[in-house]
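Participant: Quick one: structure below, then a few questions.
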Amino acid sequence: MMIDIFEKLEQLIQYGINKELITPLDIGYTRNRLLEVLELDDAEARTVSAGNDLEDILMPILDWAVETGLIPEGTDTYRDLLDAKIMGCLVAPPSVIYEKFEEKRKHEGPRAATSWFYEMQQHAHYIHTGRIAKNVQWFTTTDDGVLEITINLSKPEKDPKAIAEAKKLSQKQYPLCLLCKENVGFGGRINHPARQNHRIIPVTLTDESWFLQFSPYVYYNEHCIVFKGEHEPMNITKKTFERLLSFISIYPHYFIGSNADLPIVGGSILSHDHFQGGAHEFPMAKAEMEDVFSLKAFPNVRAGIVKWPMSVIRLQSNDRQTLAGAADFILNEWKMYSDEEVGLIAHTGETPHNTITPIARRHGDDYELDLVLRNNRTDEQHPDGIFHPHEEVHHIKKENIGLIEVMGLAVLPGRLAEELSQLKAALLSKKPLEEIKARPAIMKHEAWAKRLLEENTFTEDNTEAVLQKEIGYIFSRILAQAGVFKRTEQGKTAFKRFIQTLHTGR
């Protein structure tokens, strides 16, 4: 049944006023922009009530667009292109948004400013809260602390090899990538999302032009992205540490971190230098230092090995320049460090393997840097990466272990939601293993399911909880596989050998 499109348009305008995206002075202007977007020649008066939910307004408009042929297909791709175009009519220009943000920051503080900006991007439907709410989330208590697990139903998974190949491609397109500042207001195309409702906030880091935005996928509270104004590749240097520390001096309520700058151990975008941050305390941040040591060249820096499945050095100081210097010293030592006894090789020919995933936080007047040691070497036994999820856990996750996972939040592929549903049904059947073998989608889980059947008696009430708990344990194992120094006696001794080089030099 065809909706009354004019009623929906008036509801959308009222929504914009309610959420303070527009003012009553903007009503006529906004209506005309919406008519143009929807290719309507005239308007019809409608009386509408306030308080309609955006999804209840926008989804019928998109359905109408499919039914009338305004968009060629009802796929998410075409619907999202029109969605952003419609909502862009309700969002103020970048200069106005920045002016409001700065006014909030100066009079109410940085926390109030980022909170306002976050809410505005939700109201503008740049952050798809309805889609994100479909993500499956739980917590698992492990020896490494309480890990956070998310099955991602709002964003497609990426293959590590495809990510590595993307870095090699020529950048002859506009915008050059999904992060570039040119995305603001961009109309999009089939292979690039529309961004008319997207806004960014300028921020100066070490006298350079950077920008703050929010992730449209929001894996945690106020999940932000901070990207360089220029399209330059990821590169972990002393400048990286200085920029991270500069950011948390401006926004002390946020953490901020960078993905590593090498394939396999890096994130999904290596071509544009960027950080991720937000208002969330990750499991790794709660982990304590178990071996505290000092750095002779940096007496004002407290250092220690963090009790975490990956290999992490934590640095703390109230002097951010000294802290950046200490981090740079460790980075340079690590880049050249090999220990073949534990499979660590810094270079293959001219190809470097060692790098760092850094994370910065504030604790009052003190600054904190976590340096996660990474190595991206491969071999015949582990062609996807030696310090990477191994083949036996690929049925759960085979993608890169990036910044978010490093800190203790598993972002698992969306396919798992349906697979776990099928697996639950199979485990509760009379012949579970035969049922699993008969279902192509879950055959990959057979060995895991066999072990679970040996260790558990499954019922309708406990199956989902057991599966979630066991996935949490697998994530802990994945983090350990990504750790360059294992949490064994041999691994701990090897880690201390590296720490010793920081005292003596090589």
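The values are calculated or read from the model by the stated rules, or taken from the named source; none is laboratory data. Just so you know, these numbers come straight off a predicted model, no measurement behind them. Backbone-built Cβ (ideal geometry, glycine too); neighbour counts: all protein chains shown.
Participant: Go through Arg487, Arg451 for me and flag whichever is within 30 Å of the chain's Cα centre (by Cα) and surrounded by fewer than 19 Cβ atoms within 10 Å (Cβ to Cβ).
Facilitator: Arg487
Participant: Of the residues in segment 174-228, how many are surrounded by fewer than 16 Cβ atoms within 10 Å (Cβ to Cβ), part of a loop (DSSP other than H, G, I, E, B) and among the small types (Gly, Ala, Ser)?
Facilitator: The total comes to 1.
Participant: Every residue in segment 142-187 that is at pLDDT below 95 and on the phi > 0 side of the Ramachandran plot, please.
Facilitator: Within segment 142-187, Gly145 is the sole residue that qualifies.
Participant: A further question follows. What are the residues in segment 229-254 that are crowded, with 20+ Cβ neighbours inside 10 Å, among the hydroxyl-bearing types (Ser, Thr, Tyr) and closer than 22 Å to Arg105 by Cα, if any?
Facilitator: Ser246, Tyr251, Tyr254
Participant: Only one of Thr351, Thr378, Thr357 is of a type in the set (Ser, Thr, Tyr) and within 18 Å of the chain's Cα centre (by Cα). Can you tell me which?
Facilitator: Just a single option satisfies the conditions, and that option is Thr357.
Participant: Look through segment 277-297, keep the residues that are of a type in the set (Gly, Ala, Ser) and closer than 18 Å to Phe495 by Cα, and return whichever of them is surrounded by the most Cβ atoms within 10 Å (Cβ to Cβ).
Facilitator: Ala287
Participant: Would you kindly identify the helices (runs of 4 or more DSSP H) lying entirely within segment 329-447 that contain at least 3 residues that are over 30 Å from Arg111 (Cβ atoms)?
Facilitator: 415-427, 432-437
Participant: For segment 98-129, how many residues meet the condition of being at pLDDT below 95 and either among the polar types (S, T, N, Q) or surrounded by fewer than 14 Cβ atoms within 10 Å (Cβ to Cβ) (or both)?
Facilitator: 1
Participant: Here is a follow-up. Can you confirm whether segment 350-369 contains a residue that is under 20 Å from Ala303 (Cβ atoms) and basic (Lys, Arg)?
Facilitator: Scanning segment 350-369 turns up at least one residue that is under 20 Å from Ala303 (Cβ atoms) and basic (Lys, Arg).
Participant: Can you name every residue in segment 239-282 that is modelled with pLDDT of 95 or more and part of a strand (DSSP E or B)?
Facilitator: Within segment 239-282, Phe255, Ile256, Gly257, Ala260, His274, Phe275, Gln276, Gly277, Gly278 meet the criteria.
Participant: Just give me the residues in segment 50-78 being over 19 Å from Leu34 (Cβ atoms) and over 28 Å from the mean Cα position of the chain (by Cα), in sequence order.
Facilitator: If the condition is that a residue be over 19 Å from Leu34 (Cβ atoms) and over 28 Å from the mean Cα position of the chain (by Cα), then Gly51, Pro72, Glu73 are the ones that fit.
Participant: While we're on this one: Among the listed residues Glu435, Glu464, identify the single one that is in contact with a Ser or Thr (Cβ under 6 Å, 6 or more places away or on another chain) and free of Cβ contacts under 8 Å to residues at least 60 places away in the same chain.
Facilitator: It is Glu435.
Residue by residue, here is whether (1) among the charged types (D, E, K, R); (2) within 17 Å of Gln196 (Cβ to Cβ) holds:
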position	(1), (2)
Leu21	no, yes
Arg33	yes, yes
Glu44	yes, no
Asp56	yes, no
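Participant: Is there a residue being exposed (fewer than 13 other Cβ atoms within 10 Å of the Cβ) and in contact with a helix residue (DSSP H, G or I) (Cβ under 9 Å, 6 or more places away or on another chain) anywhere in segment 87-97?
Facilitator: no
Participant: Which residues, taken from segment 34-48, are under 20 Å from Met59 (Cβ atoms) and either in contact with a helix residue (DSSP H, G or I) (Cβ under 8 Å, 6 or more places away or on another chain) or surrounded by 14 or more Cβ atoms within 10 Å (Cβ to Cβ) (or both)?
Facilitator: Leu34, Leu35, Val37, Leu38, Leu40, Arg46, Val48
Participant: Next question. Determine if segment 114-122 includes at least one residue that is under 20 Å from Val226 (Cβ atoms) and among the aliphatic types (A, V, I, L, M).
Facilitator: So far as segment 114-122 goes, yes, one or more of its residues are under 20 Å from Val226 (Cβ atoms) and among the aliphatic types (A, V, I, L, M).
Participant: Moving on. Could you check how many residues of segment 288-320 are under 19 Å from Ser249 (Cα atoms) and either touching a residue at least 60 places away in the same chain (Cβ under 8 Å) or among the acidic types (Asp, Glu) (or both)?
Facilitator: Qualifying residue count, segment 288-320: 2.
Participant: Could I ask something else about it? Would you please list the contacts, defined by Cβ atoms under 7 Å and residues six or more apart or on different chains, that run from a residue in segment 342-371 that is surrounded by fewer than 21 Cβ atoms within 10 Å (Cβ to Cβ) to a residue that is assigned to a helix (DSSP H, G or I) and hydrophobic (A, V, I, L, M, F, W, C)?
Facilitator: Matching pairs, first to second residue: Val342/Ala494; Arg362/Ile248.
Participant: Which residue is surrounded by the fewest Cβ atoms within 10 Å (Cβ to Cβ), if the candidates are limited to segment 318-328 and must be part of a helix (DSSP H, G or I) and polar (S, T, N, Q)?
Facilitator: Step by step, filter segment 318-328, then rank; the result is Gln321.
Participant: Being under 21 Å from the mean Cα position of the chain (by Cα), among the hydroxyl-bearing types (Ser, Thr, Tyr) and assigned by TED's automatic domain parsing to the domain that holds Gln213 narrows it down to one residue among Ser249, Ser271; which is it?
Facilitator: Criteria check complete, one pass: Ser271.
Participant: Considering each of Leu90, Leu38, Leu54 in turn, give the residue that is over 30 Å from Val203 (Cβ atoms) and at pLDDT 95 or above.
Facilitator: Of the residues listed, the single one that is over 30 Å from Val203 (Cβ atoms) and at pLDDT 95 or above is Leu38.
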